[in-house]
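For reference, the structure discussed in these notes is given below.
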Amino acid sequence: MIMVSERQDEEYMREALEEALTGETEGEVPVGAVVVINGKVIARDHNRREQLQDPTAHAEVLVLRKAANALGTWRLLDATVYVTKEPCPMCAGALVNARVKRLVYGCPDQKAGAADSVFNIVSDLRLNHRIEVTSGVLSTEASEILTRFFEKRRRSKGSSEEVLTDRDS
């Protein structure tokens with residue numbers, strides 16, 4: 001078990017929240033993530049599905065790729081991933097495959113969460129790796145960013161731009 005203080009978790013989650021806000025300014029669903037190893041941020045990113053036109057360009061997948069590239073290995077054995085929203089099944093699977101040690105997330109995803117809410121991929125005993133999970137870190141802040149984003153999208157529904165739903169995150 002990794003010994004990290006609540007204050008440290010909040011500090012790194014704030015960095016993930018900053019990434020989420022950057023994504024929001026780019027028209028992306030505002031989810032941000034950072035990878036931390038030994039107290040150092042190795043990678044940071046936010047959703048980029050619209051920008052890259054890539055269905056896999058979720059914040060978690062992008063930071064795993066960046067961290068693996070920075071470290072020269074896909075095995076992120078000592079990594080903690082901070083993400084503003086509970087990972088979806090794809091991202092939870094990627095975290096397991098990367099052998100991430102710990103996941104810290106902000107708000108739950110009651111529709112597609114795969115770390116506690118709907119599925120529990122990161123702790124499934126049938127898989128070859130399990131991840132320590134801390135949930136609810138700065139949950140209110142993370143949830144407010146997403147709520148504001150989707151409310152704004154719904155208000156602009158009359159525009160020619162496609163309206164994203166909560167499921168699109």
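In this structure residue 24 has an accessible area near 40 Å², from a 1.4 Å probe over the protein heavy atoms.
Loop only per DSSP, at most 10 neighbouring Cβ atoms within 10 Å: give me the trypsin sites (Lys or Arg not before Pro) in segment 111-158, ordered by residue number.
Working: sites: 111, 126, 130, 148, 152, 153, 154, 155, 157; in loops: 111, 126, 130, 157.
In loop regions of segment 111-158 (DSSP not H, G, I, E or B), the sparsely surrounded trypsin sites (Lys or Arg not before Pro) are 126, 157.
Within the chain, antiparallel bridges make up roughly 55 percent of the DSSP beta bridges whose residues both belong there. Ordered by solvent-accessible area of protein heavy atoms (1.4 Å probe), largest first, the residues 119, 149 come out as 119, 149. Between residue 10 and residue 40, the FRET efficiency from the beta-carbon distance, with R0 = 22 Å, is close to 0.80.
Write down the accessible area per residue of segment 47-169 in Å², having rolled a 1.4 Å probe over the full set of protein chains. Don't skip to the answer; put the middle values down first.
Values: 6370 Å² over 123 residues.
Dividing the accessible area of segment 47-169 by its residue count gives 52 Å².
Candidate cross-link partners of residue 40 among the lysines, defined by an alpha-carbon separation under 24 Å and a same-chain spacing of 8 or more, comprise 66, 85, 101. The apolar share of the surface of segment 24-169, taken as the fraction of accessible area on carbon and sulfur atoms (1.4 Å probe, ligands and nucleic acids excluded), comes to 48 percent.
For the listed peptides 31-37, 136-142, 66-72, a ranking on the average number of other beta carbons within 10 Å per residue, highest first, reads 31-37, 136-142, 66-72. For the peptides 96-105, 7-16, the ranking by mean Cβ contacts within 10 Å, running from highest to lowest, is 96-105, 7-16.
Ignoring aspartates and glutamates fewer than eight residues from residue 111 along the same chain, the ones with Cα atoms less than 16 angstrom from its Cα are 86, 166, 168.
The values are calculated or read from the model by the stated rules, or taken from the named source; none is laboratory data. Everything quoted here is computed from the prediction, not taken from an experiment. A quick note on method: Cβ atoms are made from the backbone with ideal geometry, for glycine too, and the neighbour counts reach across all protein chains shown. What goes into the accessible areas is simple: the full protein's heavy atoms, side chains included, and nothing from ligands, DNA or RNA. Shrake-Rupley method; radii C 1.70, N 1.55, O 1.52, S 1.80 Å.
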